[in-house]
Amino acid sequence: MPTKRRRGLLIVLEGIDGSGKTTQARALLRRLRRRGRKAAFFREPTRGRWGREIKRLAVRADSLTPEEQLDLFVKDRRENVALNLKPALAAGKVVVLDRYYFSTIAYQGAKGLDTGRIRRINEAFAVRPDLVVILDVDAAAGLGRIAGRKTRDELFEREDYLVRVARIFRSFSGPRFVHIDGRGDQRAVGRAIWSRVEPLL
Ligand code: TYD
């Protein structure tokens with residue numbers, strides 16, 4: 001009897017800066033591996049050439065127009081999809097991805113670009129995720145968590161923007177989206193994420 005090829009799974013974690021995605025991504029990977037599943041972790045922006053370009057330009061906060069930002073994030077994502085996501089999924093792995101095109105819809109949408117257009121550009125090439133976990137925290141809470149990394153002025157300037165980003169994140173709905181209150185204790189958040197991932201394994 002031919003063996004059934006095991007299909008990978010793409011699990012995306014999304015949320016504003018300081019929502020705890022990265023901590024949760026690591027916890028989820030540990031749980032998957034304990035379960036005996038082969039798992040891979042990737043993040044966007046990547047450490048590839050476009051991702052590094054994004055990091056380099058981001059140092060001068062508003063040196064790019066929203067359209068230029070969109071272009072760079074999409075270039076970075078095309079590489080991530082082709083070089084990382086597709087091969088890992090084809091190998092049957094569970095892929096945990098820290099940010100994906102929902103970040104572009106939220107962050108570049110909050111800069112005024114049309115969210116429907118951003119979605120269409122991305123969905124023309126991006127693998128559809130099996131689950132998108134959105135950690136909902138409000139902008140002030142997110143900024144509180146990353147306060148140590150920024151000066152006060154930068155924080156005030158950013159709050160307004162992050163309020164709009166958080167609003168777009170909250171607006172995603174559909175069978176593949178799950179919203180989890182990210183303000184709670186990190187272990188409780190981890191269990192809530194696992195309860196949505198486990199049935200898909
Ligand atoms: P982040 O995940 O914070 O990377 P790191 O923790 O390594 O610094 O991502 C950097 C910033 O890029 C973050 O503020 C969100 C933003 N971003 C976008 O504006 N659009 C996108 O499409 C993505 C993936 C990220």
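Just to be sure before I move on: is residue 106 within 11 Å of the ligand (Cβ to nearest atom), part of a helix (DSSP H, G or I) and either touching a residue at least 24 places away in the same chain (Cβ under 8 Å) or aliphatic (A, V, I, L, M) (or both) in the structure I sent?
yes
Working carefully through the options 72, 57, 97, 64, find the one that is more than 22 Å from residue 178 (Cα to Cα) and not in a helix (DSSP H, G or I).
Residue meeting the stated conditions: 64.
Only one of 26, 77 is of a type in the set (Lys, Arg), closer than 27 Å to residue 138 by Cα and within 10 Å of the ligand (Cβ to nearest atom). Can you tell me which?
77
So which residues in the range 154-176 are open to solvent by less than 40 Å² (accessible area, probe 1.4 Å) and in contact (Cβ under 8 Å) with a residue 24 or more places away in the chain?
161, 162, 165, 166, 168, 169, 172
Here is a yes/no grid of residues against (1) closer than 16 Å to residue 12 by Cα; (2) surrounded by fewer than 19 Cβ atoms within 10 Å (Cβ to Cβ):
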| position | (1), (2) |
| --- | --- |
| 74 | no, no |
| 77 | yes, no |
| 82 | no, yes |
| 85 | yes, no |
| 88 | yes, no |
| 91 | no, yes |
| 94 | yes, no |
| 97 | yes, no |
| 110 | no, no |
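What number goes with the only condition from (1) without any contact (Cβ under 8 Å) to a residue 24 or more places away in the chain; (2) touching a helix residue (DSSP H, G or I) at 6+ places or on another chain (Cβ under 7 Å) that residue 120 does not pass?
(2)
Which of the residues spanning the range 21-63 are basic (Lys, Arg), farther than 24 Å from residue 185 by Cβ and open to solvent by less than 60 Å² (accessible area, probe 1.4 Å)?
Of everything in the range 21-63, just one residue is basic (Lys, Arg), farther than 24 Å from residue 185 by Cβ and open to solvent by less than 60 Å² (accessible area, probe 1.4 Å), namely 37.
The values are calculated or read from the model by the stated rules, or taken from the named source; none is laboratory data. All of these numbers come straight from a predicted model, not from anything done at the bench. Counting neighbours? That spans all protein chains shown, and the Cβs are built from the backbone with ideal geometry, glycine included. Accessible surface areas use protein heavy atoms only, side chains included; no ligands, DNA or RNA. Shrake-Rupley method; radii C 1.70, N 1.55, O 1.52, S 1.80 Å.
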